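I have placed the structure first, in the form of structure tokens, so that the comments after it can refer back to it.
The values are calculated or read from the model by the stated rules, or taken from the named source; none is laboratory data. As the structure is a computational prediction, the values presented were derived from the model and not from experiment. Cβ coordinates were reconstructed from backbone atoms using ideal geometry, including for glycine residues, and neighbour counts include every protein chain displayed. With ligands, DNA and RNA removed, areas are computed over all heavy atoms of the protein, side chains included. Shrake-Rupley method; radii C 1.70, N 1.55, O 1.52, S 1.80 Å.
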Amino acid sequence: MELTRRGFLKLSGAVGASSALGLNFKPVNAYAAELSKSNRIKSSKQYTTICAYCSCGCGLICSVDNLTGKIFNIEGDPENPINEGALCAKGAGFFDLTEANKHRLTKVRYRAPYSDKWEEKDWDWAFSRIARLVKDTRDKDFVTTNAQGRLVNRTESIAHLGSSNIDNEECWLISQSVRAMGLVYIDHQARV
Amino acid sequence: MTNHYIDLKNSDVILIMGSNAAEHHPLAFKWIMRAKDAGARVIHVDPRYTRTSARCDYHVPIRSGTDIAFLGGMIKYIIEGNKFFRDYVVNYTNASFLVNPDFSFEDGLFSGYDAQKRSYNKETWTFQKDGNGIPLKDPTLKHPQCVFQLLKQHYSRYTLDKVSSITGVSKENLLKVYEEYSATGAPDKAGTECYALGWTHHTSGSQNIRTMSIIQLLLGNMGIAGGGINALRGEPNVQGSTDHCILYGNLPGYLKMPTASLATLEQYLTKNTPTSSDPQSANYYQNYPNFFVSWLKSLYGDAATPENGFGYSWLPKLEDGKHYSQLHLFDRMYEGAIKGLFAYGTDPAVSSPNTKKTRKALEKLDWLVCANIFDNETASFWFGPGVDPKQVKTEVFLLPAAATMEKEGSQSNSGRWVQWKYKAVTPPGDAISCGDIQIRMMDAIKALYAKEGGPSAEPILNLKWNYKDIDGNMDVLKVSKQINGYWEADVEVTENGAKKIMNKGGLVPTFGMLRSDGTTSCGNWIMSGSFGADGENKMARRGKEDPTGLGLYPNWSFVWPVNRRIIYNRASCDINGKPYNPKRNILEWKDGKWVGDVPDGPWPPMADKEKGKYPFIMKVDGVASLFGPAMAEGPFPEHYEPLEGPLAKNPLSSQLINPTIELFSSDLDQVANASDKFPYVCTTYSCTEHWCSGALTRWQAWLLEMQPELYVEISEELARELEIANGSKVKVSSARGEAACIAMVTKRFKPFTIEGRTVHQVGLPFNYGWLYPEDGSDSTNFLTPTVGDANTFCPEYKAFMVNVTRR
């Protein structure tokens, strides 16, 4: 969702300008940088999101630069009644979860049996290999009936863990599909 | 949470026990401070003095793992001191119900215990019933076999001396908390409890929470503004992931996973649909078949028909009485029985208990599929400390996932607020969302089964899986609308007395309209109503109106169920529907209808003997359970020592540990109770700057700089005894493993006096792993045991025994 620019940015800009009358130019430069960021925010596209750490559900606003298409600022959403714009240390550092963090994974990595290194692969290769492994394991170990001869239709040798750190719609797709595969060892962070 | 975060501001007394809210839920703590500013008392009961303690009125130190003893003493204080809210207890709980005369409790065990199976036969944990099958009651609460009298008798053993000796809390402190908290038993006072992992991470976790629930019911604190039992949950969508049940025992919406003995749909529905003979009990779960059949329709689509039992036979069936939790999963993996693992957005090589066992188990996998935004110790286990990659057979995939702001969807907070998020940018490089990963992987698996066939191919081929947009990407609205539910046929319904046709393909407006004949499909009944029939996405609402002034914000997001902000809210009113506390009026029966929050059902209040209903509509008897026979350990919580503790004998009975916990017995499951080798009680926790295993936060320079490495907090007294200096290098060890760390000598821990002798407690954060930062600390869970709660199998991370030595 796109939001209009918020009033408090105007206010902080005005405060910055009047303080610039002092003789120490360090703050002037800092305020200038802040003003320039404010201007970027004015012309940016803004999207609301929800924090990805604890379960308070604090609102955040991501500002996306029109020219680069990248997020350049994330801050608390003052409209959200839960956090009223405030954030904790982790929430305030949310920008470091974006692609600006050099540690983000950007390629499919594969490690072959007994290998000592990762290799880069493409998605098609990975999905077709994973599907092969799932089918071979499931077909080999599938339990149709239990010791009492009752129909149980389950796959005991494949397990699924996670996640409480993805969206509801993703959770639901996982929940549905692991049942279709017959999995019973299914769990996630709600337990641990 | 029965209530929600903003509602904490409406409380008169806030007991924070099992949580360090200021450091782990800082924005929740803001609402606690709002209450304090308005005059509320805020109490912190915790083994360690934290920043939460610093902002509370006072802090009460307690030995880890003794919460039931502490709270049991409060139940005794409330009952014997006549501090309970009599009207509420008589009308809204099962206090007056007469219990089976064969039910008993003796020396730590309830009737029906089977020592070999470590479980109970619950046939005596029942109520006496009249000829119509309605429980017999004594509203005077004087009958010796009524729940209230049995409760009183049970907790009469929890004397101040006994409780103080077990918990290490002074009698003065016990009385101070008991007196202040039980003052909320007045009709116009609200007390709330905030807990977190400090209560769930125990072999007695669910009974900790139940003991507090009993207190809240005795004081009339459930269903009211500023009241309730409030879990401050630790992950951003842990409420949603639990609601959608990525869990072995439940299906979406907490429907029960079928077991082998329930061979047919009919047998399954009979077993899981409760019946009540009491015309005043709404017994809302009588609608179970509507929810379950509609879910089967969402799973198998048109392939689910009345003729094939809507595909019930295709579902996997659990073995009766067997569990499949994360503890069991890694135990079986260590045995070599699990060959393939999916691990999305999770780092069990750090976060699972008994790290040595967990990491050895991973080496036995044939294949492992991880999806994350950063690398972690699970995906990279094959080159971890002490592991030779050339000896590890596992084929490993590490799939790059989208971060939260790179995808659209909804997320549910602990207060059940389902808020909508928007996609700000596309993910970097080849990264895609976990939803896209699951869709494309399942497409590939379905294609293989279509081509080659295989055992039980039907559930895979018949899985309804049409959730892509025209570009082949996940269409999040298609998914969320299926979760909400559709009409699968043209159906005539009666709404407000008028007949109306609901058209096939339209959205179901509420779960009250779901049907068991296959004419509706619904992916998760509790989320039904998240879309309006007109297609409005209620999760995306941003209305700021607050008509009650109590912070309900009914037009901000969607709250399940049916946008009800405070559950059990009918219990905030007397039996005539008048609010017990007119100053905090969330609901009132006025001129023949409910006004305020969305009520727990439309029926009149219970004084209307003809049409009225009891307030706890999800309970079969319509009232809340002081006597709770669903629990594994017994209907009343009882104190047992942790699996590992400082005592060789339980001061309350001959049962040292919880008699119903499952004991794991691999060669890596060593236990050392009351051992000289491991003399100190240990607990674990997080910090503000890291999150869980640190799998996200350790990769962030700003946060890592604030909290760079593992430390152990030890008291000044223990440090003197062990000649350990603040900042020196030490080793913490348990029967299972070791953690190298830095000593933090602090006033925050103080020695306890337990059963007449000094017992020291220490604590460590659990946010570190070997992969990053390089040359940093490793997992604290090398120390923790593979054991969990008897009901939930939440692991015991909070009370076990260690030694601390210099290195």
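Quick check: pseudo-label points 7 Å beyond the Cα along Cα→Cβ at B:Lys590 and B:Ser277, how many nm apart are they?
4.1 nm
Take the alpha carbon atoms of the range B:176-193, find their center, do the same for the range B:617-662, and report the distance between the two centers in whole angstrom.
Answer, in whole Å: 24.
If a/c stays under 1.5 just call it rounded; otherwise compare a/b with b/c (prolate if a/b is bigger, oblate if not). Do that for the range B:680-806, with a ≥ b ≥ c from the square roots of the Cα gyration tensor eigenvalues.
Oblate.
With all protein chains present and a 1.4 Å probe, how do B:Lys613, B:Lys421 order by accessible area, largest first?
B:Lys613, B:Lys421
Among A:Thr106, B:Val595, B:Thr66, whose Cα projects farthest towards the positive end of the dipole of the protein assembly as shown, with charges put on the beta-carbon of Lys, Arg (+1) and Asp, Glu (-1)?
B:Val595
Over the range B:680-806, what percent of the accessible surface lies on carbon and sulfur atoms, probe 1.4 Å?
Within the range B:680-806, the accessible surface is 49 percent carbon and sulfur.
What accessible area per residue, rounded to a whole number of Å², is obtained for the protein assembly as shown using a probe radius of 1.4 Å?
35 Å²
Per DSSP H run of at least 4 residues, take -39500 (n - 2.57); add these up for chain B, divide by its residues and hand me the 222 nm value, nearest 500 deg cm²/dmol.
-6500 deg cm²/dmol
Of B:Lys339/B:Lys478; B:Lys256/B:Lys504; B:Lys677/B:Lys798; B:Lys271/B:Lys481; B:Lys36/B:Lys171; B:Lys357/B:Lys798, which pairs sit farther than 22 Å apart, going by alpha carbon to alpha carbon?
B:Lys339/B:Lys478; B:Lys256/B:Lys504; B:Lys271/B:Lys481; B:Lys36/B:Lys171
Protein chains only, probe 1.4 Å: how do B:His143, A:His160 rank by accessible area, largest first?
B:His143, A:His160
Give the Rg (one decimal place) followed by the Dmax (whole number) of the range A:34-176, computed from C-alpha coordinates and expressed in Å.
Values for the range A:34-176 (Cα only, Rg and Dmax): 22.3, 74 Å.
Kindly give the semi-axes, whole Å and largest first, of the ellipsoid equivalent to chain B, taking each as the square root of 5 times a Cα gyration tensor eigenvalue.
39, 37, 26
Which of rounded, prolate or oblate describes the range B:403-450 when judged by the alpha-carbon gyration tensor and an a/c cut-off of 1.5?
oblate
Mind listing the phi-derived Karplus ³J(HN,Hα) values for the range B:254-265, rounded to whole Hz, using 6.51, -1.76 and 1.60 with θ = phi - 60°, and x for any glycine or proline?
6, 5, 7, 5, x, 10, 4, 6, 9, 6, 10, 4
Restricting to the protein assembly as shown, what percent of DSSP beta bridges are antiparallel, rounded to 5?
60 percent
Could you state the per residue volume, in Å³, of the convex hull enclosing the Cα atoms of the range B:280-357?
Considering the Cα atoms of the range B:280-357, their hull volume per residue is 205 Å³.
Using θ = phi - 60° and the Karplus form 6.51 cos²θ - 1.76 cosθ + 1.60, what ³J(HN,Hα) does each residue of the range B:4-16 get, whole Hz, x for Gly and Pro?
Coupling constants for the range B:4-16: 7, 4, 5, 5, 4, 5, 8, 8, 9, 9, 10, 9, 9 Hz.
Using 12 Å as the cut-off for backbone N distance, which residues of the range B:2-29 belong to the label zone defined by a point 7 Å from the Cα of B:Asp57 along Cα→Cβ?
Answer for this model: B:12-16.
Explain nothing, just compute: Karplus ³J(HN,Hα) = 6.51 cos²θ - 1.76 cosθ + 1.60, θ = phi - 60°, for every residue of the range A:67-75 in order, whole Hz, x for Gly and Pro.
7, 8, x, 10, 6, 10, 7, 10, 8
Using the beta-carbon distance between B:Thr126 and B:Glu80 and R0 = 25 Å, what value does 1/(1 + (r/R0)^6) give for FRET efficiency, to the nearest 0.05?
0.40
Can you tell me the relative contact order of chain B? Whole percent, Cα pairs under 8 Å, sequence separation 6 or more.
That works out to 16 percent.
Hey, can you grab everything whose amide H is under 5 Å from the amide H of B:Leu318? Only 5+ residues off in sequence or another chain; H modelled, so Pro and N-termini drop out.
Long-range HN contacts for B:Leu318: B:Thr259, B:Ala260.
What's the extension gain from B:Lys393 to B:Ala450 if we count 0.36 nm per residue and subtract their Cα-Cα distance?
17.6 nm
Which three lengths, in whole Å and largest first, does the range A:57-138 cover when its Cα atoms are put on their principal axes?
Answer, in whole Å and largest first: 52, 33, 24 Å.
Check B:Cys573: other-chain or 5+ apart residues with amide H under 5 Å from its amide H, H built from backbone geometry?
For B:Cys573, the qualifying residues are B:Tyr580.
So which GluC sites (Glu not before Pro) in the range B:449-549 end up in coil per DSSP with only 15 or fewer other C-beta atoms within 10 Å?
Sites meeting the loop and neighbour criteria: B:Glu536, B:Glu545.
Sequence gap at least 6, Cα distance under 8 Å: using those rules, report the relative contact order of the range B:343-405 to the nearest whole percent.
It comes to 38 percent, rounded to a whole number.
Using amide H atoms built in the peptide plane, which far-off residues or other-chain residues are under 5 Å from B:Ser557 H to H?
B:Arg541, B:Arg542, B:Gly543
Where both partners of a DSSP beta bridge lie in chain B, what percent of those bridges are antiparallel, to the nearest 5?
Percent antiparallel among DSSP bridges in chain B is about 55.
Roughly how far apart, in whole Å, are the Cα centres of the range B:703-752 and the range B:82-96?
Here the two parts' Cα centres lie 47 Å apart.
Jot down the radius of gyration and Dmax of the protein assembly as shown, Cα atoms only, both in angstrom.
27.8, 92
Which three semi-axes in whole Å describe the equivalent ellipsoid of the range B:576-633, each the square root of 5 times a Cα gyration tensor eigenvalue, listed largest first?
25, 14, 10
For the range B:545-568 and the range B:217-263, compute the distance between their C-alpha centroids and round to whole Å.
The two parts, judged by their Cα centres, are 19 Å apart.
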